[in-house]
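Enquirer: Can you read through this structure? Questions will come right after.
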Amino acid sequence: MPIKDLPEDMRPREKLLRHGSAALADVELLALLLRTGRQGHDVFALAQEVLQAVGGFHGLLAAGDRELSAIRGLGPAKKSEIAAVAEIARRALAQQMREAPVFDHPQKVKDYVALRLAAQPREVFAVIFLDSRMRLIGDEAMFHGTLSQASVYPREIARRALQLNAAAVIVAHNHPSGVAEPSAADEHLTHAIRDAMRLIDVRLIDHLIVGQGVVVSLAERGAL
């Protein structure tokens, strides 16, 4: 049943207008976005199924086309709307990182890289470039790999940091397997990038590894 055919007191839009968005449950918020269900399932049942399949809103924003396509009832229109919401969230976090030092929002940096990388089907190695006040200059997906690995060249990161006049960088990559535990190779690469950055007086702040629903910080683990 479409939302417009529900009794007025059950419609998420009317509830939101009367009481504010915080009054809506997760299922109601997503139902408002989806608008319709599928045959045999109303929109609330579909919304509940989606949230269970991806692990809540955090998983939904990080989900890729493969995960969403596996859910019956999510056609191109619904998937594009979800993708648009995820991109809005990513840009909002990027704006905050441009306006304030990243040290003020360490969790937001993790959320940002999760939105950026979690849905990638192959390994992507991204670099976040920061100015002298530790604010975001830009981020670039500099290296792409196979399902299991990407070739990363610290000298290329150093060259790009000099071009952007960056004072510091944060590097991040995803593990398509979903397991965020850093490998020995990850730690070795971290040290190689740190040493290359030191040669040009650029600080490596962190190396973040994105898995399924989790982001691991090598700086927090003392691996820098």
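Enquirer: Whose amide H sits under 5 Å from the amide H of residue 174, counting only residues 5 or more places off or on another chain, with H placed in the peptide plane?
Expert: Amide H neighbours of residue 174, under 5 Å, 5+ apart: 124, 210.
Enquirer: Name the residues whose placed amide hydrogens come within less than 5 Å of the amide hydrogen of residue 167, ignoring near sequence neighbours (fewer than 5 apart) on the same chain.
Expert: Result for residue 167 returns 130, 131, 132.
Enquirer: Show the residues, 5+ positions off or on another chain, whose built amide H is closer than 5 Å to the amide H of residue 143.
Expert: 125
Enquirer: Hey, what number do you get for the chain at 222 nm if only DSSP H runs of n ≥ 4 count, each worth -39500 (n - 2.57), divided across all residues, to the nearest 500?
Expert: It lands at -14000 deg cm²/dmol.
Enquirer: Follow-up question, since we're still on this one. Kindly rank 168-180, 13-25 from highest to lowest mean number of other beta carbons found within 10 Å of each residue.
Expert: By packing density, highest mean first, the sequence is 168-180, 13-25.
Enquirer: Specify the angular offset, from 0 to 90 degrees and rounded to the nearest 10, of the alpha carbon long axis of helix 43-54 from the longest principal axis of the alpha carbons in the chain.
Expert: 20
Enquirer: For the stretch 1-117, with every protein chain kept in place, what is the accessible area per residue (1.4 Å probe, Å²)?
Expert: Ligands and nucleic acids excluded, the figure is 56 Å² per residue.
Enquirer: Counting only protein heavy atoms, what percent of the accessible surface of the chain is carbon or sulfur at a 1.4 Å probe?
Expert: 52
Enquirer: Still on this structure: Hey, got a sec? Which trypsin sites (Lys or Arg not before Pro) in the stretch 81-186 land in a DSSP loop and have at most 11 other Cβ atoms within 10 Å?
Expert: Here the sparse-neighbourhood loop sites are 133.
Enquirer: Also, I was wondering about something else. Under the Karplus relation 6.51 cos²θ - 1.76 cosθ + 1.60, θ = phi - 60°, what is the ordered set of whole-Hz ³J(HN,Hα) values for the stretch 11-22, x standing for Gly and Pro?
Expert: Per residue, the Karplus-derived 3J(HN,Hα) values read 7, x, 4, 5, 5, 4, 5, 7, 10, x, 5, 5 Hz.
Enquirer: Here's something else I'd like to know. Could you give each residue of the stretch 113-130 its phi-based ³J(HN,Hα) in whole Hz, using Karplus coefficients 6.51, -1.76, 1.60 with θ = phi - 60°, and x for Gly or Pro?
Expert: Residue by residue, the stretch 113-130 yields 5, 5, 5, 6, 10, 4, 8, 5, x, 10, 6, 10, 10, 10, 10, 9, 9, 10 Hz.
Enquirer: Also, I was wondering about something else. Which one, (1) 1.17; (2) 1.07; (3) 1.50, gives Cα Rg over 2.2 N^0.38 Å as derived from the coordinates shown?
Expert: (1)
Enquirer: Further, regarding this structure: What ranking, highest mean first, results for peptides 192-205, 72-85 when packing means the other Cβ atoms within 10 Å averaged over each residue?
Expert: In decreasing order of mean packing, 192-205, 72-85 become 192-205, 72-85.
Enquirer: Excluding same-chain pairs closer than 8 in sequence, count the lysine pairs in the chain whose Cα atoms lie under 28 Å apart.
Expert: 9
Enquirer: For the stretch 175-186, take each phi angle, set θ = phi - 60°, evaluate the Karplus expression 6.51 cos²θ - 1.76 cosθ + 1.60, and give the result in whole Hz per residue in order, putting x for glycine and proline.
Expert: With coefficients 6.51, -1.76 and 1.60, one gets 10, x, 5, x, 8, 8, 4, x, 8, 4, 5, 4 Hz.
The values are calculated or read from the model by the stated rules, or taken from the named source; none is laboratory data. Please read these numbers as outputs of a predicted model, since none were measured by experiment. For neighbour counting, all protein chains shown are included, and Cβ atoms are generated from backbone atoms with ideal geometry for every residue, glycine included. Each accessible area value is taken on the protein alone, full model and side chains, heavy atoms only, with ligands, DNA and RNA left out. Shrake-Rupley method; radii C 1.70, N 1.55, O 1.52, S 1.80 Å.
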